[in-house]
Amino acid sequence: MSPEMSPITLIIVAVTVLISYRAMNNPSLKYSLALYPYKIKNKSDQKRILTHMFVHGDYLHLIFNMYVFYSFGSLMEVIMTETFGGTQGSIHFVFLYFLGGIAASLWPIYRNHDNPNYLSLGASGAVSAILFATILWYPQGKIGMLFLPGISIPSWIFGLLYLGFEFYMSKRNQSSGIAHDAHFGGAIFGILYTLIISPERGKLFIDYVLS
């Protein structure tokens, strides 16, 4: 499948880069958009459940998230539009990304709604949803190691390792500065959303892994 036709992916990347750039040069803007469970509960500032996906802590955080999103989002957007048609496929892709990011924030909000010191930001939860939808849809793919050029592993093995690692880290340490619980939540949403819109993907995935 060709990833060239990916207008929604490109728009999301462009908007995220623009807002993140502005926020990194404007701390008050970054603060106002970040996920802040304490304010969501006590100040009814629900917009943060969505806006936190558009801001990042630094350039490395932004570049990594957008690199992974473009790499897999381009493919997933093509898969969606070819499977469900242009309009419906685009809607599914948008839902997968943004609902994935929202779903990924629910557990951090629940765990930290009484913690005035917890803030989180970034598109990692939404990106995890896209990544795991792609793995479920395309288990025969390979995922390269960004910091180990030339080394890649089957996508479904990467997925299992990723889920195990993020679940373990979310239980082990809440103060690492990395929202492991959001990564895990986004991944689970990506799997569930894919199974809802295309139940046969689960059987095909299992058949491939067992073969």
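Read the figures in this text as sums done on the coordinates, not as results from a lab. All of these numbers come straight from a predicted model, not from anything done at the bench. Neighbour counts run over all protein chains shown; Cβ positions are idealised from the backbone, glycine included.
For the reader, a short list of remarks on this structure follows.
- Most positive-pole-ward Cα, 17, 108, 40, against dipole of the stretch 7-210 from beta carbon charges: 40
- Charge dipole (debye, nearest 20) of the chain; +1 at Cβ of Lys and Arg, -1 at Cβ of Asp and Glu: 640
- In percent, rounded to a whole number, the relative contact order of the stretch 7-210 is 23, using alpha-carbon pairs under 8 Å and six or more apart.
- The length gained on full extension between residue 195 and residue 152, counted as 0.36 nm times the residue separation minus their Cα-Cα distance, comes to 12.9 nm.
- In the chain, lysine pairs closer than 25 Å at Cα, eight or more apart or cross-chain: 8
- Taking the C-alpha atoms of the stretch 7-210, convex hull volume expressed per residue in Å³: 123
- Protection-proxy order for peptides 23-29, 135-141, 67-73, each taking the mean of Cβ atoms within 10 Å per residue, highest first: 67-73, 135-141, 23-29
- Residue 59-residue 94 pseudo-label distance in nm [points 7 Å out on the Cα-to-Cβ vector]: 3.2
- Added length on full extension, which subtracts the Cα-Cα distance from 0.36 nm per residue, residue 210 to residue 10: 68.4 nm
- Annotation note: GluC sites (Glu not before Pro) in the stretch 1-96 located in DSSP loop regions with a Cβ neighbour count of at most 11 within 10 Å are 4.
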